[in-house]
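S.K.: Have a look at this one.
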């Protein structure tokens, strides 16, 4: 994190940037330790932080979890890339025609309101229990946020810049490539970053609720074996994966879109 | 139109009106305006807000179509952005492309002319030097001050070696010191490049200082109220020119034309200048 270009390099700045998040996480862990140590929650429901920490090496070494985690991450990556490759060009095309944009927004908002987890049973009926079903549901869940952020990105293009392109007698395609696309990219990237989090949630959900492969399947078997400590360890690892990818994408955005003022 | 003796004007605005349909009815931004601008002239356009001065400029640029009438560039009717014409927009921060270096911002301005690479590179350097930024090619616009960015915008306009340069309140967003420097820059560039310049501003001193001729527009509806020749010679100086009694007389004349409805009531003193 200390390599991040933004933020002052002073000790004070570093404390502010790292100190507060660390303090936040530490207080959550402290409350967790207190709750389980004082017996406020049953150990079957919530084992203490130390027990969960101790379960991590066990989970990683059981010979089953790691390959299944690989399956989950692969499914996640395929869904994200597939959706991006389709939804972004569609968004750019639709966004450049105002009438099409208005028509699309209504439909997109309707589709978006259907929670993808509610579609898992239907997904299983159509695609079975394999990776196709997992990818299909993840794609359904994230196509809309990526499409919407692309549409908003296109709509946010500064009209004066389009006029500048027109006055330089740029043809339509050149205005799209050199003005509209770069204007929309920061918002598209934000959409993809948010979609990445959503996709992980959906993929793991399908694994918990019936899919035949993936990290979620392993966690279900530990749950049935009455090992909540291992289940929590798995949840923690998956959360860490999500957080790392989110941070990497956010860092990439900061590097690529240097002209966008960051908060 | 021509009486035979004079050449075809660089810009010929012939009976141009512009009306918009709004929710509250039809609004006339500019009504029945005709004006001829000769090649090489530096013409400034002033007027109160709502007089249609920017609308007129955007129609000259071919970015906006007149509701009635016609604007001709070198005798050819304008029906879209024409070659040989460049625009400097009001707000550099919204008209330059921050995702590109200054070099690329300039190079792409000439993209429609399909020039050889070396010629583009030569022009980039030439135009940046002309605006006093010979070493700025590799910067990004947001790494520069406002005044420097507007210089880049002017350099970008010079890339197509325009016969006509249209400037829409180009210095409204910079501080007074920078503004004086930029005024001197455009006066010099107008003479060096021999371009016809139409310069929209809301600043009366600036309108008189830079131009050979001031067009005063009136509002409600926008129309041409006066066409005033500026006889201050080709050399302008921020101190000497502004001490010239002729400058004072002209700015006072323009001031009264622009402010007339209020000037009579509120500030009669200024009329005696």
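S.K.: Regarding the stretch A:114-229, what are the three Cα extents along the principal axes, ordered largest first, in Å?
M.R.: That works out to 69, 32, 20 Å along the principal axes.
S.K.: On to the next question. I need A:212, B:49, B:24, A:116 ordered by Cβ neighbour count within 10 Å, fewest first.
M.R.: Starting with the residue having the fewest Cβ neighbours, the order is B:24, B:49, A:212, A:116.
S.K.: When chain B is modelled as a GNM with alpha-carbon springs shorter than 10 Å, which of B:23, B:157, B:226 fluctuates the most?
M.R.: B:23
S.K.: Something else about it: What is the average number of partner chain Cβ atoms found within 10 Å of a Cβ in A:164-175?
M.R.: Details: counts 13, 6, 6, 17, 13, 11, 5, 2, 0, 0, 3, 0.
Average neighbour count from other chains, rounded to a whole number: 6.
S.K.: Return the FRET efficiency for the residue pair residue A:122, residue A:197: r is the Cβ-Cβ distance, R0 is 22 Å, and the value is rounded to the nearest 0.05.
M.R.: 0.40
S.K.: Helix A:98-112 versus the longest principal axis of chain A: what angle, 0 to 90°, nearest 10, using Cα atoms?
M.R.: That works out to roughly 10 degrees.
S.K.: A follow-up question, please. With each pseudo-label sitting 7 Å past Cα toward Cβ, what's the residue B:143-residue A:31 distance in nm, one decimal?
M.R.: Those two pseudo-labels are separated by 4.6 nm.
S.K.: Using Cβ contacts closer than 10 Å as the measure, can you line up A:133, A:105 from fewest to most?
M.R.: In order of increasing Cβ crowding within 10 Å: A:105, A:133.
S.K.: Please label the shape of the stretch B:31-85 as rounded, prolate or oblate, based on the square roots a ≥ b ≥ c of the eigenvalues of the alpha-carbon gyration tensor (a/c under 1.5 means rounded; beyond that, a/b larger than b/c means prolate, else oblate).
M.R.: Working: a/c = 1.66, a/b = 1.22, b/c = 1.36.
In terms of gyration-tensor shape, oblate.
S.K.: Okay, next question. Find how many whole Å separate the alpha carbon centroid of the stretch B:41-84 from the alpha carbon centroid of the stretch A:103-160.
M.R.: 46
S.K.: Using the 2.2 N^0.38 Å rule of thumb for compact globular proteins, work out how the stretch B:130-273 stacks up: its C-alpha Rg over that value, please.
M.R.: It is 1.15.
S.K.: Given contacts defined as C-alpha pairs under 8 Å and at least six residues apart, what's the relative contact order of the stretch B:54-160, whole-number percent?
M.R.: Rounded, it is 30 percent for the stretch B:54-160.
S.K.: Over all Cα pairs of chain B, how is the pair count split among 10 Å bins, expressed in % and running from 0 up to the last occupied bin?
M.R.: Going out from 0 Å in 10 Å bins, chain B shows 7, 28, 34, 23, 7, 1, 0 percent.
S.K.: Report the residue, chosen from A:183, A:79, A:36, that carries the largest GNM mean-square fluctuation when chain A is represented by alpha-carbon nodes joined by springs under 10 Å.
M.R.: Looking only at A:183, A:79, A:36, the biggest GNM fluctuation is shown by A:36.
S.K.: Starting from the 7 Å offset along Cα-to-Cβ, what nm value, one decimal, do you get for the label separation of residue B:26 and residue A:107?
M.R.: In this crude label model, residue B:26 to residue A:107 measures out at 3.8 nm.
S.K.: For the stretch B:4-95, what's the relative contact order in percent, using C-alpha pairs closer than 8 Å and at least 6 residues apart?
M.R.: RCO, the stretch B:4-95: 33 percent.
S.K.: Among A:254, A:227, which comes first, then next, by fewest other beta-carbon atoms within 10 Å? Show your work: numbers first, answer last.
M.R.: Details: A:254 14, A:227 19.
Sorted ascending by nearby Cβ count, the order is A:254, A:227.
S.K.: Still on this structure, I have one more. Rounded, prolate or oblate: pick one for chain A, where a ≥ b ≥ c are the square roots of the eigenvalues of its C-alpha gyration tensor, a/c under 1.5 means rounded, and failing that, prolate if a/b is larger than b/c, else oblate.
M.R.: Values: a/c = 2.77, a/b = 1.50, b/c = 1.85.
Cα axes put chain A in the oblate bin.
S.K.: With the calculation restricted to Cα positions, what are the radius of gyration and Dmax of the stretch B:114-196 in angstrom?
M.R.: In Å, with Rg to one decimal and Dmax whole: 12.8, 40.
S.K.: Under 8 Å for C-alpha pairs, at least 6 residues apart: give me the relative contact order for chain A, rounded to a whole percent.
M.R.: Here the relative contact order equals 25 percent.
S.K.: Report for the protein assembly as shown the percent antiparallel among DSSP-assigned beta bridges with both residues inside it, nearest 5.
M.R.: So the antiparallel bridges in the protein assembly as shown amount to around 55 percent.
S.K.: Something else now. Find, to one decimal place in angstroms, the Kirkwood hydrodynamic radius of the stretch A:113-175, where the mean of 1/r is taken over every pair of different Cα atoms and then inverted. Present the calculation step by step, with values, prior to reporting the outcome.
M.R.: Working: mean 1/r = 0.0680 Å⁻¹.
For the stretch A:113-175, the Kirkwood estimate is 14.7 Å.
S.K.: To the nearest 0.05, what FRET efficiency results for residue A:172 and residue A:221 with a Förster distance of 51 Å applied to their C-beta separation? Write down the numbers at each step before the final one.
M.R.: Details: r = 56 Å, r/R0 = 1.10.
Between residue A:172 and residue A:221 the formula returns 0.35.
S.K.: What Kirkwood Rh does the protein assembly as shown have if only Cα atoms enter the pairwise 1/r average? Answer in Å. Numbers along the way, then the final one.
M.R.: Numbers: mean 1/r = 0.0355 Å⁻¹.
Computed over Cα pairs of the protein assembly as shown, the Kirkwood hydrodynamic radius comes out at 28.2 Å.
S.K.: Is the stretch B:1-112 rounded, prolate or oblate when judged by the Cα gyration tensor, a ≥ b ≥ c being the square roots of its eigenvalues, rounded requiring a/c under 1.5 and prolate requiring a/b larger than b/c? Let's see the in-between values first.
M.R.: Values: a/c = 2.07, a/b = 1.20, b/c = 1.72.
Oblate.
S.K.: In nanometres, what is the gap between the two model label sites at residue A:155 and residue A:239, each 7 Å from Cα along Cα-to-Cβ?
M.R.: 3.5
S.K.: With springs connecting C-alpha atoms under 10 Å apart, model chain A as a Gaussian network and identify which of A:143, A:247, A:211 has the largest mean-square fluctuation.
M.R.: With Cα springs under 10 Å in chain A, the top fluctuation among A:143, A:247, A:211 is at A:247.
Since every read-out is calculated from the coordinates, none of them should be taken as a lab result. Keep in mind that this is a model prediction, so the values were computed, not measured. Here Cβ is always computed from backbone atoms with ideal geometry, including for glycine, and neighbour counts include all displayed protein chains.
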